[in-house]
Amino acid sequence: MAEEKKKRVTDIGPPHYEKFLPPVIKENYGKWKYHEILKPGVLVHVSETGAKLYSVRAGSPRLLGIEKIRLYADLADKYCDGYLRFTSRNNVEFLLTDESKIDPLIKDLQKLGHPVGGVGNSISNIVHTQGWVHCHSAATDASGIVKSVMDDLVEYFTDMKLPAKLRVALACCLNMCGAVHCSDIAILGIHRRPPKTNFSKLNSMCEIPMVVSSCPTAAIKPTTIDGKPSVEVIEERCMFCANCYTVCPAMPLNDPLNDGVSIWVGGKVSNARSEPMFSKLAIPFIPNNPPRWPEVVEAVRNLVEIWAANAHPYERMGEWVNRIGWPRFFEMTGIEFQKEHIDDFKHAGLTYKRSAQLTH
Amino acid sequence: MANGNGKTPKLDELEKGAWPSFVKEIKTEAKKNPMAKDLLGQLERSYEEKIGHWKHGGIVGVMGYGGGVIGRYSDLPEDFPNVSHFHTLRINQPAGWFYTSDALRKLCDIWEKHGSGLTNMHGSTGDIIFLGTTTEELEPVFKELTEAGFDLGGSGSDVRTPSCCCGEARCEWACYDTMKLTYFLTMHYQDELHRPAFPYKWKFKMAGCPNDCVASVARADMSIIGTWRDSIRMDNKAVTEYAKSGMNIERDVVGNCPAKCMEWDGEELKIDNKACRKCMHCINVMPKALRPGKDKGATVLLGSKAPIVEGALLSSVLIPFIKLEEPYTELIELVDAIHDIWAEEGKNRERVGEFIQRVGLGNFLEAIGVEPIPQMVAHPRENPYVFYEEYFEEDDEEESEEES
């Protein structure tokens with residue numbers, strides 16, 4: 001009864017973060033002086049006051065059940081007075097003040113099946129989207145490919161043997177939830193066939209002017225079919241972006257035979273050394289091959305290993321390619337250069353090679 | 001077919017291997033939760049057929065809010081009735097993603113009662129994601145969330161949940177208090193966050209330094225990236241220690257400086273701070289020896305987005321340096337001026353970056369009352385098709401040079 005009387009509240013916003021900060025952070029907020037990487041997955045931040053904060057970072061599948069979250073909470077209680085956080089790449093981090101508790105915590109995390117790492121010159125967790133788990137527009141699954149790729153590359157997560165950071169991301173369609181377009185390696189779900197318009201449902205489900213204006217190449221025109229207002233798709237103009245499907249459920253592009261992934265390389269968001277860059281197309285198409293997408297796993301490993309063997313220290317994927325040039329990149333990786341690699345959308349001419357500076 | 005018999009041979013393959021398995025997570029919840037069980041069944045079907053089985057979202061939500069819930073329905077409701085409605089809730093995360101174990105347990109208890117028991121920690125926008133529940137459960141779960149001090153985040157054409165790096169809470173490189181600003185903006189724009197009224201989404205992302213750990217430059221309509229304008233703080237003794245420990249300072253530090261503003265003679269590192277571009281490389285490599293300066297603030301950039309609709313954009317500079325301290329008046333006035341013109345003139349589903357491309361940055365700046373400065377461009381225009389707006393008339397007092 002008391003509960004029923006409680007007024008419905010709205011617009012309270014998130015809880016204030018101060019409630020969740022451990023005392024060592026409250027006391028040293030804004031006073032951190034430097035940090036060191038003690039070993040893979042373990043950071044120490046040292047304050048101007050001399051106080052130390054140890055962070056232990058563990059990989060996570062991002063898709064977590066409440067049972068696992070409760071286990072995280074138990075570990076946080078056992079080792080760090082209940083304080084923990086998550087990172088921008090969906091790792092979990094435990095915040096300790098007692099150095100002697102680091103190794104027992106790592107052991108417990110490993111027992112739980114969560115590798116510790118992702119710090120320094122390593123591969124961090126793969127930022128990814130929902131895929132077939134929860135998205136209507138997915139051209140591929142997200143979690144399954146991420147799991148398969150990380151199973152294969154876990155040695156680069158738990159160690160720091162790479163020349164630089166390697167940021168991998170996956171988006172299951174061109175909407176690209178997450179910064180897939182600026183990653184060292186990006187795995188992108190793609191369609192390859194135009195929308196299959198459901199003429200009988202279109203007029204009742206969708207606003208036709210909105211569908212027409214959604215197309216970046218003006219491939220969709222209003223028309224009348226069997227006396228009903230509908231749309232016509234000029235198929236040779238369609239570049240399979242699925243933007244029309246986003247505004248109109250009667251225009252699905254999903255096609256098990258032709259959906260798959262493309263692989264992009266050389267993007268970054270950090271300003272360190274070079275300015276932020278977009279990822280560029282490396283592999284135009286790999287078919288969906290669930291449950292473990294072996295062709296994708298192999299392609300990613302190939303890219304990682306060739307970059308790792310040839311990059312200078314601190315050189316990110318894109319910086320390495322810019323130094324050696326794209327012809328060498330295709331030669332070294334064994335990837336065939338095809339028509340799809342040449343841009344033909346807006347300002348495509350800016351991506352042509354406009355000098356005689358070439359290696360021979 | 002996977003429904004009914006509960007067998008998932010394809011997904012079982014994804015329980016193997018060293019990386020933590022999302023299939024194990026779903027299976028664990030499936031033991032006690034029918035929604036999680038049907039999710040597993042439907043996902044197995046997707047793995048067999050190589051196609052997703054979710055329909056477009058309908059409009060669902062909690063009373064008075066236009067965002068925060070993503071409607072989701074199965075296209076196989078007869079086979080998997082427990083996921084016939086499977087809506088996602090976005091719950092506004094605490095800034096910096098810090099939690100106590102008690103807060104996490106509270107969230108788990110709520111979700112155990114009202115949904116699938118499955119989450120994302122976290123979604124791409126930064127929110128806590130509660131993955132899958134029915135329309136009837138939305139109000140009850142919202143009620144319990146607000147009682148626990150949590151609220152929904154953004155979705156659709158609204159201010160999306162602002163997010164940030166951990167900033168001054170745990171990073172010596174933070175050039176402003178990212179968590180404080182994130183909390184401030186989230187609270188200041190509560191109405192815009194919960195009630196979509198813009199042409200399209202608007203994202204704020206706060207990064208404490210130019211390393212940009214939250215990828216703000218690639219995925220925020222307004223990217224606020226910490227920087228400084230005085231000299232890098234340096235401890236030359238610590239530099240020498242790095243050299244002694246085997247670091248090749250000439251090759252790996254000086255050689256990687258994009259501004260070529262450093263010199264190393266084997267004993268002393270010199271930096272021409274006037275030429276420094278604040279890229280962070282030297283600081284990243286020698287965190288014990290170098291730190292950002294003391295006159296700190298941020299660069300405000302505008303307009304990044306993923307490809308849909310007109311192509312991907314990176315944010316570009318709007319304000320090269322701004323001090324970010326309460327009450328953030330200058331920043332709020334700027335944001336409101338941008339929202340006003342974009343809400344008024346922007347086309348449906350046009351992000352602010354695309355809007356600027358369409359009307360021209362010069363015109364956009366005039367509309368928001370910001371002077372054009374060279375920091376805003378990589379270089380001045382190369383094409384001579386200039387829309388000159390000023391010219392002389394015959395009867396003007398001053399004659400042009402050609403005529404004299």
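Laboratory data are not the source of any read-out in this text; all were calculated from the coordinates shown. Being a predicted model, the structure only gives us computed values, none of them experimental. So basically every Cβ, Gly included, is an ideal-geometry build from the backbone, and we count neighbours across all protein chains shown.
Points worth noting:
- Considering helices alone, the calculated mean residue ellipticity of chain B at 222 nm is -8500 deg cm²/dmol, with DSSP H runs of length four and up weighted by -39500 (n - 2.57) and normalised per residue.
- Ignoring lysines fewer than eight residues from residue A:339 along the same chain, the ones with Cα atoms less than 27 angstrom from its Cα are A:196, A:268, A:280, A:353, B:50, B:305.
- If R0 is 35 Å, the Cβ-Cβ spacing of residue A:332 and residue B:251 corresponds to a FRET efficiency of close to 0.95.
- Highest GNM mean-square fluctuation among B:300, B:217, B:377, for chain B modelled with Cα contacts below 10 Å: B:377.
- 10 °C / 1.306 mPa s Stokes-Einstein diffusion coefficient of the stretch A:174-295, Kirkwood radius on C-alpha pairs, µm²/s: 98
- DSSP bridge analysis restricted to the protein assembly as shown gives an antiparallel fraction near 85%, rounded to the nearest 5.
- Cβ-based net charge around residue B:354, under 13 Å, with every Lys or Arg adding one and every Asp or Glu removing one: +3
- The angle between the Cα long axis of helix A:143-157 and the main principal axis of chain A comes to about 40°, on a 0 to 90 degree scale.
- Cross-link reach list, lysines versus residue B:180, counting only Cα pairs under 18 Å and skipping chain neighbours closer than eight places: A:19, A:26, A:31, B:203, B:205, B:296, B:323
- Each residue of the stretch A:316-331 was assigned a 3J(HN,Hα) from its phi angle through the Karplus curve 6.51 cos²θ - 1.76 cosθ + 1.60 (θ = phi - 60°); the sequence is 6, 3, x, 5, 4, 5, 4, 6, 7, x, 5, x, 5, 4, 5, 5 Hz, with glycine and proline shown as x.
- Distances between every pair of Cα atoms in the stretch A:37-164, grouped in 10 Å steps from 0 to the bin holding the largest one, split as 12, 41, 32, 12, 2, 0 percent.
- Taking a point 7 Å from the Cα of residue B:333 along the Cα-to-Cβ direction, the residues of the stretch B:367-385 with backbone N closer than 13 Å to it are B:369-371.
- Residues residue A:309 and residue A:9, FRET efficiency given R0 of 60 Å [Cβ-Cβ distance, rounded to 0.05]: 0.55
- For residue A:314, the residues 5 or more places off, or on other chains, whose built amide H falls under 5 Å of its own are A:164.
- Across the stretch B:378-392, coupling constants 3J(HN,Hα) worked out from phi with the 6.51/-1.76/1.60 Karplus curve, θ = phi - 60°, read 5, 6, x, 4, 9, 9, x, 7, 8, 7, 5, 10, 10, 7, 9 Hz, and Gly and Pro carry x.
- Shape call, the stretch A:212-360: gyration tensor on alpha carbons, a/c limit 1.5: prolate
- The average projected area of the protein assembly as shown, computed from the convex hull of its Cα atoms over all directions, is 38.8 nm².
- Candidate aspartates and glutamates for bridging to residue A:7, where Cα separation is under 14 Å - those fewer than 8 sequence places away on the same chain excluded: B:139, B:144, B:147
- Shape call, chain B: gyration tensor on alpha carbons, a/c limit 1.5: oblate
- Most mobile of A:121, A:28, A:254 in a GNM of chain A (Cα contacts under 10 Å): A:28
- Against the empirical 2.2 N^0.38 Å (N residues), the stretch B:295-404 has a Cα radius of gyration ratio of 1.36.
- Rounded to whole numbers, the Karplus 3J(HN,Hα) couplings from phi for the stretch A:295-304 are 5, 5, 4, 5, 5, 5, 4, 4, 5, 4 Hz, using 6.51 cos²θ - 1.76 cosθ + 1.60 with θ = phi - 60°, and x at Gly and Pro.
- Shielding by partners, peptide A:22-32 (average Cβ within 10 angstrom, other chains): 4
- The stretch B:191-306: antiparallel DSSP beta bridges as a percent of all, rounded to 5: 75
- Think of it this way: in chain A, A:80, A:135, A:172, A:173, A:177, A:182, A:215, A:238, A:241, A:244 stand alone, with no other Cys Cβ under 4.7 Å.
- Inter-chain neighbour count for A:270-283: the average number of beta-carbon atoms from partner chains within 10 Å of each residue's beta-carbon is 6.
- If the convex hull is drawn through the Cα atoms of chain A, its volume per residue in Å³: 205
- Screening chain B for DSSP H helices whose Cα atoms reach 18 Å or more along their own axis and whose mean Kyte hydropathy is at least 0.0 gives B:329-345.
- Close amide H contacts of residue A:261 (hydrogens built in the peptide plane, cut-off under 5 Å, sequence separation of 5 or more or a different chain): A:190, A:286, A:288.
- Once the convex hull of all Cα atoms in the stretch B:227-308 is built, its volume per residue stands at 117 Å³.
- Per the Kirkwood formula applied to alpha carbons, the stretch B:1-85 shows a radius of gyration over Rh ratio, Rg over Rh, of 1.03.
- Modelled label reach - residue A:324, point 7 Å along Cα→Cβ, the stretch A:124-163 residues with backbone N closer than 19 Å: A:161-163
- Among the listed pairs A:111/B:32; A:111/B:143; B:237/B:294, those whose Cα-Cα separation exceeds 28 Å are A:111/B:143.
- Shielding of B:106-119 by partner chains, average beta-carbon count, 10 Å: 3
- Candidates B:240, B:135, B:182, ranked by Gaussian network fluctuation over chain B, Cα under 10 Å, top entry: B:240
- The share of C-alpha pairs in the stretch B:38-81 whose separation exceeds 13 Å stands at 59 percent.
- Taking 0.36 nm per residue of separation and subtracting the current Cα-Cα distance, fully stretching the chain between residue B:260 and residue B:396 would add 44.0 nm.
- For a label point 7 Å along the Cα-to-beta-carbon line of residue A:359, residues of the stretch A:307-333 with backbone N under 13 Å: A:307, A:310-312, A:320-333
- For residue A:38, distant residues with modelled amide H under 5 Å away: A:43, A:44
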